[in-house]
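Participant: Have a look at the structure that comes next, please.
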Amino acid sequence: MSTFARDSRPARLATAARRRQPASRMALAALALLAAGLTGGVDGKAARLNRDANQRYAEQHYDDAAALYEDAHTRAPESPEIAYNLGNTLFRQGKVAEAVPHLRRAAESEQVPLRAQSLYNLGNALYGTGNLKEAVDSYRRALDLAPSDLDTKLNFEQALQELRQPQTQE
């Protein structure tokens, strides 16, 4: 069973990516969140908190979800799944800089799909903080793991293009 939201991608940089996304993508993400649960190595209370937080996240109650994920993270700081979920929730709340360390932790996961998704979301968060160089690196690493991911390709290309543009002085 998946232990993280497969498609909880916080934000897309490329407008073209938004246009190409099916309308049901968020519905699928919500279903994935509802079905997500923790396994192995995480205590039962942290797993229950994560499931409850996933429910609140799916309902777009991000403040409630963040509080529950924080509690779960306190109980299971080693869990990349909880770090991923907390990072995504902070991003959704507009707390982009606060999301970065949690997404970095999730990007260390041994689970390739979680690592790829975390790197993509980390790239979005880094882009959101204006750190284009690290965002490009994060997208590049995500593409190494999931080379056919169109969203990652588009965001990588856009961030790389912006990074290569000469800086204008005002």
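Participant: Collect the residues in region 75-110 that are buried (at least 16 other Cβ atoms within 10 Å of the Cβ) and among the polar types (S, T, N, Q), keeping them in residue-number order.
Facilitator: Ser79, Asn85, Asn88, Thr89, Ser109 - these are the residues of region 75-110 that are buried (at least 16 other Cβ atoms within 10 Å of the Cβ) and among the polar types (S, T, N, Q).
Participant: I'd like the residue in region 103-116 that is outside any loop (DSSP other than H, G, I, E, B) and either without any contact (Cβ under 8 Å) to a residue 24 or more places away in the chain or in contact with an Asp or Glu (Cβ under 8 Å, 6 or more places away or on another chain) (or both) and, out of all such residues, is nearest to Asp151 (Cα to Cα).
Facilitator: Per the criteria, the residue is Ala116.
Participant: Does Arg140 satisfy the condition of being more than 9 Å from the chain's Cα centre (by Cα) and farther than 22 Å from Leu163 by Cβ?
Facilitator: For Arg140, the condition - more than 9 Å from the chain's Cα centre (by Cα) and farther than 22 Å from Leu163 by Cβ - is not met.
To keep it simple, each residue is scored yes or no on (1) surrounded by fewer than 18 Cβ atoms within 10 Å (Cβ to Cβ); (2) among the hydrophobic types (A, V, I, L, M, F, W, C); (3) modelled with pLDDT of 95 or more; (4) in contact with a Lys or Arg (Cβ under 9 Å, 6 or more places away or on another chain).
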| site | (1), (2), (3), (4) |
| --- | --- |
| Ala16 | yes, yes, no, no |
| Ala32 | yes, yes, no, yes |
| Thr39 | yes, no, no, no |
| Val42 | no, yes, no, yes |
| Arg56 | no, no, yes, no |
| Leu68 | no, yes, yes, yes |
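Participant: Output the residues belonging to region 131-156 that are exposed (fewer than 15 other Cβ atoms within 10 Å of the Cβ) and either on the phi > 0 side of the Ramachandran plot or in a helix (DSSP H, G or I) (or both).
Facilitator: Those that are exposed (fewer than 15 other Cβ atoms within 10 Å of the Cβ) and either on the phi > 0 side of the Ramachandran plot or in a helix (DSSP H, G or I) (or both): Lys133, Asp144, Leu150.
Participant: Let me ask something else. Would you check which residues across region 81-98 are in contact with a Leu (Cβ under 8 Å, 6 or more places away or on another chain) and without any contact (Cβ under 8 Å) to a residue 40 or more places away in the chain and list them?
Facilitator: Across region 81-98, the qualifying residues are Ala83, Gly87, Val96, Glu98.
Participant: Just the residues that are touching a helix residue (DSSP H, G or I) at 6+ places or on another chain (Cβ under 8 Å) and over 16 Å from Asn88 (Cα atoms), please, taken from region 120-134.
Facilitator: Leu132, Lys133, Glu134
The values are calculated or read from the model by the stated rules, or taken from the named source; none is laboratory data. Keep in mind the model is a prediction, meaning the values are calculated, not measured. Because the Cβ atoms are built from the backbone with ideal geometry, glycine has one as well, and the counts that use them run over all protein chains shown.
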